[in-house]
Every structure is written in C-alpha cells, then in structure tokens.
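Q: One structure, as structure tokens, below. Some questions next.
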Amino acid sequence: MRKLVYYVGMTIDGFIAAPDGGIDHFPVGQDVLDFLRDDYPETVPAHIRQALGFDDRPNRHFDTGIQGRPTYELALRIGITSPYPHLRQYVVSETITESPDPAVEIISSDLVGKVRELKAEDGLDIWLMGGGRLAGSLLPEIDAMVIKLYPVVLGAGIPVFTADFSPTAFELTGTRRLENGALILDYARKQ
C-alpha cells in the first residue's frame, strides 16, 4: 500500500508560505538544490527542473501529487497548467469545475475516498504538496512527513496545518542537516 507523504518546506515558526502564498523567503542555495536533485527531483516543477538541468532525473519517491487550489494557482498565475507532468496530478477544489489541462484532475468531493483509492494502487508514494488547510483535512490519512525546516522566522503566514484540535503523534525517523542550516526531518505516523 502506498503512503500519503506531506513533503513541505517550513519556517522555524511553522509557516509554509507568506500570507500571500509566496515562498521566496526560503533560502535556496546550492546545498538545497543538490538535495532536491539527488533525493527529491520530482518535487521540483518541470520548468524549473529543466532550467536547473536535472529534468532527466527519475522520480525517486512520488509518482502522484495532490495539491490544494491556492497552491495550484501559483502555477496558473505564470501560465503553467501542468506544473508536474512527470506526476499524476490532482488539485483539490470546490471552485475549479473544469481542469485547465487534461493532465490535471480536479477532486471536488469525497477527498478522503479518493486518497484511499490512490493509496490502494501500486506505485510510488503520493506527495501531499500543500497547503496547510488541505493537510489539515487529510491529517488522518497522512502516513509520513518530510519537513524541510528552514532557519527563518516569518511571524505570520500560511501554517503547516490548519485543522481543528486533534493531537496526532508522529515519530522522528531521520534527520539531515544542510549547509545553510536547514534541517530535513523525516517522520512516520506513530502506530
């Protein structure tokens, strides 16, 4: 059975994006680019992978991605309708009624049922791309997390989870420190 993995960048104070959804505050140096190229190349949008010269890298962890409408709109704003053509792409939205691209499927109802259906398939794991509200609604389905913890404090922004109070235990299964001070934290749902 495949896992739903919340793979996301986060600030020290728990934000995954600025209040407007921007992510340029994350320090992305050569150490982060090397990590992405070697470990998670599939998590970089195709147009950036190509620009960085690692678009030929195979998917290592994920073959499917699920994102919320606000996350998807970041790509739409720059005219990209299929940001991850190397993945099966799903966008969760009640307001987008028709996909702007045949490679992107809209999930407008029974999100948990769709996630369980995807988890039951064969293949690589499923990347929960964000955002915080979507992660909060899927918390009971999240099997693992990979948090890129950046040494930055925002003070305000989009939190890593937006959900009702619901303590859910995860176990730290791995750590890695990058040169810029970012930490890669691997967690598995505690059984």
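Bear in mind these aren't lab numbers, they're just calculated from the coordinates by the rules spelled out. Everything numeric here is computed off the predicted structure, so don't read it as measured data. Because the Cβ atoms are built from the backbone with ideal geometry, glycine has one as well, and the counts that use them run over all protein chains shown.
Q: Name the residue, out of Ala144, Ala163, Ala188, that is surrounded by 15 or more Cβ atoms within 10 Å (Cβ to Cβ), aliphatic (A, V, I, L, M) and within 15 Å of the chain's Cα centre (by Cα). Can you show your working first?
A: On the way: Ala163 fails: within 15 Å of the chain's Cα centre (by Cα); Ala188 fails: within 15 Å of the chain's Cα centre (by Cα).
After ruling out the rest, the residue left standing is Ala144.
Q: May I ask you to list the residues in region 13-37 that are of a type in the set (A, V, I, L, M), under 14 Å from Ile184 (Cβ atoms) and part of a loop (DSSP other than H, G, I, E, B)? It would help to see each step written out before you state the result.
A: The first filter runs over region 13-37 and keeps only residues of a type in the set (A, V, I, L, M), leaving 16-18, 23, 28, 32-33, 36.
Subset that is under 14 Å from Ile184 (Cβ atoms): 28, 32-33, 36.
The answer is Val28, and nothing else.
Q: Quickly run through region 75-95 and pick out the residues that are under 19 Å from Lys114 (Cβ atoms), out of contact with any Asp or Glu (no Cβ under 9 Å at 6 or more places or on another chain) and outside any strand (DSSP E or B).
A: Selection gives Ser93, Glu94, Thr95.
Q: Right, here's the next one. Yes or no: region 107-115 includes at least one residue that is under 13 Å from the mean Cα position of the chain (by Cα) and either buried (at least 16 other Cβ atoms within 10 Å of the Cβ) or of a type in the set (Gly, Ala, Ser) (or both). Show your work before the answer.
A: At the first step, the residues of region 107-115 found to be under 13 Å from the mean Cα position of the chain (by Cα) are none.
Checked region 107-115: no residue is under 13 Å from the mean Cα position of the chain (by Cα) and either buried (at least 16 other Cβ atoms within 10 Å of the Cβ) or of a type in the set (Gly, Ala, Ser) (or both).
Q: Against the conditions (1) farther than 19 Å from Asp20 by Cβ; (2) surrounded by fewer than 18 Cβ atoms within 10 Å (Cβ to Cβ), where does Glu73 fall short? Just the number, please.
A: Result: Glu73 fails condition (1) only.
Q: So, in region 133-181, how many residues would count as being of a type in the set (Gly, Ala, Ser), over 21 Å from Glu94 (Cα atoms) and either assigned to a loop (DSSP other than H, G, I, E, B) or touching a residue at least 24 places away in the same chain (Cβ under 8 Å) (or both)? Don't jump to the end; show me each part of the working.
A: To start, the set of residues in region 133-181 that are of a type in the set (Gly, Ala, Ser) comprises 135-137, 144, 155-157, 163, 166, 169, 174, 181.
Remaining after also requiring over 21 Å from Glu94 (Cα atoms): 144, 155-157, 166, 169, 174, 181.
With either assigned to a loop (DSSP other than H, G, I, E, B) or touching a residue at least 24 places away in the same chain (Cβ under 8 Å) (or both) added as a condition, the list becomes 144, 155-157, 166, 169, 181.
Qualifying residue count, region 133-181: 7.
Q: Shifting gears a bit: Test Leu118 against the criterion of being touching a residue at least 12 places away in the same chain (Cβ under 8 Å) and either farther than 27 Å from Gly155 by Cβ or in contact with a Ser or Thr (Cβ under 8 Å, 6 or more places away or on another chain) (or both), and give yes or no.
A: Working: touching a residue at least 12 places away in the same chain (Cβ under 8 Å): yes; either farther than 27 Å from Gly155 by Cβ or in contact with a Ser or Thr (Cβ under 8 Å, 6 or more places away or on another chain) (or both): yes.
Taking the combined requirement at face value, the residue satisfies it.
Q: Quick check: is even one residue across region 39-62 of a type in the set (Gly, Ala, Ser), under 19 Å from Gly130 (Cβ atoms) and outside any helix (DSSP H, G or I)? Quick ask: steps written out before the conclusion?
A: First pass over region 39-62, keeping only residues of a type in the set (Gly, Ala, Ser): 46, 51, 53.
Filter once more, keeping what is under 19 Å from Gly130 (Cβ atoms): 46.
Among the residues that remain, those that are also outside any helix (DSSP H, G or I) are: none.
No, every residue in region 39-62 fails to be of a type in the set (Gly, Ala, Ser), under 19 Å from Gly130 (Cβ atoms) and outside any helix (DSSP H, G or I).
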